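What follows is one structure encoded as structure tokens, with my remarks underneath.
Bear in mind that the values in this text are calculations on the coordinates, not laboratory data. For clarity, every value in this text was computed on a predicted model and none was experimentally measured. Cβ placement follows ideal geometry from the backbone for every residue including glycine, while neighbour counts extend to all protein chains displayed.
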Amino acid sequence: DKAGHRHFMAKEIAEQPRVLEDVLSHYIKDGRIVLPEALDFREVDRITLVGCGTASLAGQVARYWFEQIAGLPCETDIASEFRYREPPLSDKSWAIFVSQSGETADTLAALHYAAPRVARTIGVVNVGTSAIAREADVALPTLAGIEVCVASSKAFTCQLAVLAILALKAAHDRGRLDDAALGRHLDDLRAMPALMSQALALSDDCAALAGWLSEASDVIYLGRGALFPVALEGALKLKELSYIHAEGYASGELKHGPIALIDRNVPIVVLAPRDALFDKTVSNMQEVMARHGQVLLISDAEGIASAGSGTHASLAMPSEGGVFQAMLYAVPMQYLAYHTAVAKGTDVDQPRNLAKSVTVE
Ligand code: M6R
């Protein structure tokens, strides 16, 4: 049932405020984090985050949180590489497997590789009865509800919510956050559903850009910090849904090669929340504009006022959300891909060549 929406994708994007509310209220009660007792981060020396596709990108976003908020060394990998590269793993480390379906063959094999080598395996899964949920030492449900569209949307933001809570728990357990600081971060998370509703209001603005994007044969997404994997997610979504070639790059990597791709036919989507890296991202954006790249700037109103001149278009995001703003920026990634696919007439909910659950490698 599409609940009045034209596609499951549109329904699932729109559900994000509600499912985020569900997952946050499951893990945060009376201002405290509620997680299984086994998850005491004091003795952990390293976190490894593994998944495929969008789930691996959720892990990549969370790495910034584990490192910056909890000071916990963290590595990420895609499951298809992790399972075969024979990574040495510390027996004091924990490995986190992120998967919507909980059945992805490579992610399950990665769990089998890690299980005898690490202190604990954790599954961050949407399907509670799945293999990864059953086999991980600890299964943490993402509570996004059934996701029908092959392209992931609400499952991604719910994965981010669970991983954000884990990073905060790690920071608190390890003495990096006192109660007051933890409380402020939890307030930022609790504000997410309402901020997500504000971000959903950008759907029409994204639809208005779909004609422009659908004419392109290549689109580049740029971000720094936690917004780098969100840029990768934006590019993945556009590829999947509209079949337009798209790549995400860390903005700072641009001048090491990708800037050669820029000309007036290449739309560049710049993810630039007003965080500590804003000025750096803006200066990369200006380098692109000097080469006649057509920029879509995604920032908050102040960021757009200070840096938006000369851009092709901009999208004004909420400025709140603290260190977890990356979650919000997933929404314009989803809507740009969705509306571009609708403009091109591709099969939004069942893109060609793709399966919702990839149970063979
Ligand atoms: O079920 P999983 O989360 O393990 O699936 C992983 C990927 O196959 C999945 O995220 C895929 O990249 C999506 N189609 C992206 O939208």
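What to note about this one:
- Residue count, the stretch 84-112 (criterion: over 19 Å from Arg46 (Cβ atoms), more than 13 Å from the ligand (Cβ to nearest atom) and either among the hydroxyl-bearing types (Ser, Thr, Tyr) or part of a strand (DSSP E or B) (or both)): 1
- Residue ID - farthest from the ligand (Cβ to nearest atom), chosen from residues in the stretch 47-77 that are under 16 Å from His112 (Cβ atoms) and either over 13 Å from the mean Cα position of the chain (by Cα) or of a type in the set (D, E, K, R) (or both): Thr48
- Some residue of the stretch 152-174 being within 16 Å of the ligand (Cβ to nearest atom) and more than 18 Å from the chain's Cα centre (by Cα): no
- First in the stretch 1-24 and under 16 Å from Val148 (Cβ atoms), second anywhere and assigned to a loop (DSSP other than H, G, I, E, B) and of a type in the set (S, T, N, Q), Cβ under 7 Å, 6 or more apart: Met9/Ser153; Glu12/Ser153; Ile13/Ser153
- Selection of helices (runs of 4 or more DSSP H) fully inside the stretch 264-358 by the criterion of at least 2 residues being free of Cβ contacts under 8 Å to residues at least 40 places away in the same chain and out of contact with any His (no Cβ under 9 Å at 6 or more places or on another chain) returns 278-290, 301-307.
- Being among the aliphatic types (A, V, I, L, M), assigned to a loop (DSSP other than H, G, I, E, B) and touching a Pro at 6+ places or on another chain (Cβ under 9 Å) is a property that Val150 has.
- Taking first residues from the stretch 154-179 that are in contact (Cβ under 8 Å) with a residue 12 or more places away in the chain and surrounded by 21 or more Cβ atoms within 10 Å (Cβ to Cβ) and partners that are charged (D, E, K, R) and in a loop (DSSP other than H, G, I, E, B), the Cβ contacts under 7 Å between residues at least 6 apart in sequence or on separate chains come to Lys154/Glu15; Lys154/Glu147; Ala155/Glu147.
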